[in-house]
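Just below is one structure, and these are the notes that go with it.
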2 protein chains.
Amino acid sequence: MKVNFFHQQLQFSRAFKKALNKQLSEAGLFHSQWLVLYCIKKQQPVPLVEISNYLDVEKPTISRTIKRLEEQKLVEAVPGADKRERRICLTETGENSYEKGQEIVFQFEKKLAAEISEADMETTLNTILSLKNKLKKEEIN
Amino acid sequence: MKVNFFHQQLQFSRAFKKALNKQLSEAGLFHSQWLVLYCIKKQQPVPLVEISNYLDVEKPTISRTIKRLEEQKLVEAVPGADKRERRICLTETGENSYEKGQEIVFQFEKKLAAEISEADMETTLNTILSLKNKLKKEEIN
DNA sequence: TGAAATTAGTTACCTAGTTAACTACATATG
DNA sequence: CATATGTAGTTAACTAGGTAACTAATTTCA
């Protein structure tokens, strides 16, 4: 049973992203783009490396996502004290896209989780966090 | 809290795949390759479309993975009655890689799940299955 | 039986993640 | 101060997922 869990977990996460991407296309966004907008919104102007740390996604991935968001005029860089840094902000269009995305994600997750009890959700979240933590620890060895 | 769950879930699934891929490199395999070998092992000679259905991964993705496995001489196609089909089998090398991968995956998952109680694991699995099911149903609308 | 619809698989092109190797700037230390 | 080390970000090349549009073989059914 334990073995099957991980397979199911991965399958769910793919299905989840697929479905959410479909919803988010309404706002002209992909899920990964929305996540980055979310990070920027929370602590703009934010250097790229902080987004990478927060999302636990490697820098080149974030770099590429930011590049596309810049092309779509959703974000822009402002100069910082440290010349290596590129501190990123939302544009006005970016703020709008973020808000739209936020609403879509919120409704989607709410609807999806509706039938799960609070208690089960908590147990499940704790299990996931615990597994995630274990992975981090293993990494060191 | 519910909102955070999905984020954590996705982060875990990325971390999980990353760590497992690292382990599997010992056997010269990627996780997705191992999954496909697993399907083939269970019901060879198996047409590509059945792997796609079982793993719930689109056909072009499976097609590409099979192509690489063929290049590595881990699998081969045998002719079937239906001329559209390509029924896939493991080669002897493929059987070996599968066995190696199987052991690595088993040990990895066992170690990872070690500290989670049976009860919590069951709750978590049921939650995931329930969410997965809900996604499938939504899809129809 | 012949035309239409379905199915298996592929190709091309997109997003999203990874690692490895690099540049340019900043900081620490001899 | 000069050098070494560390850090922010990029580039290139890979795996892994997706959709859309296609070919060729098979079924359906009028």
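Where a number appears in this text, it was derived from the coordinates with a stated rule and is not lab data. Small disclaimer: the values here were computed from a predicted structure and weren't measured. A quick note on method: Cβ atoms are made from the backbone with ideal geometry, for glycine too, and the neighbour counts reach across all protein chains shown.
Just a yes or no: is a residue in the range A:92-103 within 14 Å of another protein chain (Cβ to nearest Cβ), on the phi > 0 side of the Ramachandran plot and among the charged types (D, E, K, R)?
Within the range A:92-103, none of the residues are within 14 Å of another protein chain (Cβ to nearest Cβ), on the phi > 0 side of the Ramachandran plot and among the charged types (D, E, K, R).
Scan the range A:67-89 for residues that are within 11 Å of DNA strand D (Cβ to nearest atom) and either in a helix (DSSP H, G or I) or within 14 Å of chain B (Cβ to nearest Cβ) (or both) and report the count.
So the count comes out to 2.
Can you name the residue in the range B:40-57 that is within 16 Å of DNA strand D (Cβ to nearest atom), in a helix (DSSP H, G or I) and within 14 Å of chain A (Cβ to nearest Cβ) and, of all such residues, is farthest from A:A15 (Cα to Cα)?
Looking only at the range B:40-57, we keep the residues that are within 16 Å of DNA strand D (Cβ to nearest atom), and these are B:40, B:45, B:47-57.
Now narrow it down to the ones that are in a helix (DSSP H, G or I): B:40, B:48-55.
Right, trim to within 14 Å of chain A (Cβ to nearest Cβ) and you get B:51-55.
On the way: B:I51: 16, B:S52: 14, B:N53: 13, B:Y54: 14, B:L55: 11 Å.
Applying the filter and picking the extreme gives B:I51.
May I ask you to list the residues in the range A:25-39 that are assigned to a helix (DSSP H, G or I) and more than 9 Å from DNA strand C (Cβ to nearest atom)?
A:S25, A:E26, A:A27, A:L37, A:Y38, A:C39
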